[in-house]
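Please read the structure below before turning to the comments.
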Amino acid sequence: MNNVHILFIGAGRMAEAIFSGILTHQPEIMITVSNQSNSAHLDLLQSNYPIQTTSSWTEVIDQVDVILLACPPGAHSEVLQKMSLLLKKGQLVVTVAAGIGPSKLEAALPKGTPVAWLMPNTAADVGKSMSIYAYGSAITDTHRNIFEKVVSAIGPSEELSEEQVHNLTAVTGSAPAFLYSFVEALEQTATKYGLTAEQARKLVIEMVIGSAAMLAKHRDPAKLREQVTSPGGATAAGLTSLANDQFSDSIIRAIHATNARAKELGS
Ligand SMILES: NC(=O)c1ccc[n+]([C@@H]2O[C@H](COP(=O)([O-])OP(=O)(O)OC[C@H]3O[C@@H](n4cnc5c(N)ncnc54)[C@H](OP(=O)(O)O)[C@@H]3O)[C@@H](O)[C@H]2O)c1
């Protein structure tokens, strides 16, 4: 197969995170980037990366193998409608938009169009997005190979069903915000003991990075928790306080609230 060529529709944060990962890890892939109206931003991207840019994706769509929609969910219906008239057989259409799964893409595009739904998180910026994805029904092995190359450029990933991607986006996409909120609470507590904000930040962030490294190595949070917790000791008292405040239930409720709101927004 000739070099794969990907067209990005949307040139914001997520598009840049994905194509910069691709350029680093899969430099043979050709990238063209377009947006709605901000040509100064396209000029900036073109001066920073070895990519082509265009203000009119409809004029280049026939030259590409993959079209990746990185525009807001609300822009999809108009973009997909235009695209329907221009797609060539076998071109793969991918979206990273929240709430726009393969069945919505298939309903809006010509019958038999291969589609995929990719849900990355903001760690795509540093090549560490835990991404989840689902395929539509017309996907071939060639499409899978191309898609999986693209996804691996921004971090680890897992193929799930469409329904699972809907429900698990809260865990991979939104829960990083829960973790950052936990970090903020620890920082606030640390400053109450007389640390400067800078010291508090260092202590907490390095603790999280160290804990994440332990998780990456040992992959068993319960065992790691037990190692820190002597029976009847100080950490045990802290964990009991968290349990009394229904820490686990509170996280589960947060995931349910996230999913409920995502459903409202996607309908
Ligand atoms: N950021 C995240 O953490 C994250 C995570 C997972 C998924 N996503 C998804 O990624 C997508 C993009 O998010 P983002 O954070 O990158 O947004 P963003 O930074 O606001 O960028 C949106 C881009 O879409 C372009 N655009 C808007 N309407 C368009 C249209 N009708 N036709 C063509 N291009 C259009 C904008 O162009 P102009 O600047 O010219 O208007 C801009 O380049 C969203 O669907 C979001 O759900 C984001």
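Tabulated data
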read-out: Looking only at region 94-114, and only at residues there that are hydrophobic (A, V, I, L, M, F, W, C) and over 17 Å from the mean Cα position of the chain (by Cα), the one that is surrounded by the fewest Cβ atoms within 10 Å (Cβ to Cβ); value: Ala107
read-out: Some residue of region 125-146 being touching a Lys or Arg at 6+ places or on another chain (Cβ under 9 Å) and open to solvent by 70 Å² or more (accessible area, probe 1.4 Å); value: yes
read-out: Among the candidates Ser241, Ser250, residue that is surrounded by 11 or more Cβ atoms within 10 Å (Cβ to Cβ) and either touching a Gly at 6+ places or on another chain (Cβ under 9 Å) or not in a loop (DSSP other than H, G, I, E, B) (or both); value: Ser250
read-out: Selection from region 4-39 of residues that are under 11 Å from Cys71 (Cα atoms), in contact (Cβ under 8 Å) with a residue 60 or more places away in the chain and either acidic (Asp, Glu) or part of a strand (DSSP E or B) (or both); value: Phe8, Ile9
read-out: Residue tally, condition open to solvent by less than 70 Å² (accessible area, probe 1.4 Å) and assigned to a helix (DSSP H, G or I), over region 149-162; value: 4
read-out: Matching residues, region 40-57, being open to solvent by less than 70 Å² (accessible area, probe 1.4 Å) and under 19 Å from Val79 (Cα atoms); value: Leu42, Thr53, Thr54, Ser56, Trp57
read-out: Top-ranked residue in region 216-238 [being aliphatic (A, V, I, L, M) and open to solvent by 80 Å² or more (accessible area, probe 1.4 Å); ranked as nearest to Ala123 (Cα to Cα)]; value: Val228
read-out: Single residue of Val66, Val79, Val60 found to be open to solvent by less than 50 Å² (accessible area, probe 1.4 Å), under 22 Å from Thr113 (Cβ atoms), within 22 Å of the chain's Cα centre (by Cα) and away from the ligand (no atom under 11 Å from the Cβ); value: Val66
read-out: Qualifying residue in region 186-193 (condition: touching a Ser or Thr at 6+ places or on another chain (Cβ under 9 Å) and either at negative phi or outside any helix (DSSP H, G or I) (or both)); value: no
read-out: Within region 13-35, tally of residues that are within 11 Å of the ligand (Cβ to nearest atom) and exposed (fewer than 15 other Cβ atoms within 10 Å of the Cβ); value: 1
read-out: Search result, residues across region 112-133 that are hydroxyl-bearing (Ser, Thr, Tyr) and over 14 Å from Phe19 (Cα atoms); value: Thr113, Ser131, Tyr133
read-out: Failed item, numbered, when Ala116 is tested on (1) within 15 Å of the ligand (Cβ to nearest atom); (2) assigned to a loop (DSSP other than H, G, I, E, B); value: (2)
read-out: Unmet criterion (only one of (1) assigned to a helix (DSSP H, G or I); (2) without any contact (Cβ under 8 Å) to a residue 60 or more places away in the chain) for Thr258; value: (2)
read-out: The lone exception for Gly74 - which of (1) out of contact with any helix residue (DSSP H, G or I) (no Cβ under 8 Å at 6 or more places or on another chain); (2) surrounded by fewer than 21 Cβ atoms within 10 Å (Cβ to Cβ); (3) modelled with pLDDT of 95 or more it fails; value: (3)
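The values are calculated or read from the model by the stated rules, or taken from the named source; none is laboratory data. All of these numbers come straight from a predicted model, not from anything done at the bench. Note: ideal-geometry Cβ built from the backbone for every residue, glycine included; neighbour counts use all protein chains shown. These area figures cover heavy atoms from the full protein model, side chains too; ligands, DNA and RNA do not enter into them. Shrake-Rupley method; radii C 1.70, N 1.55, O 1.52, S 1.80 Å.
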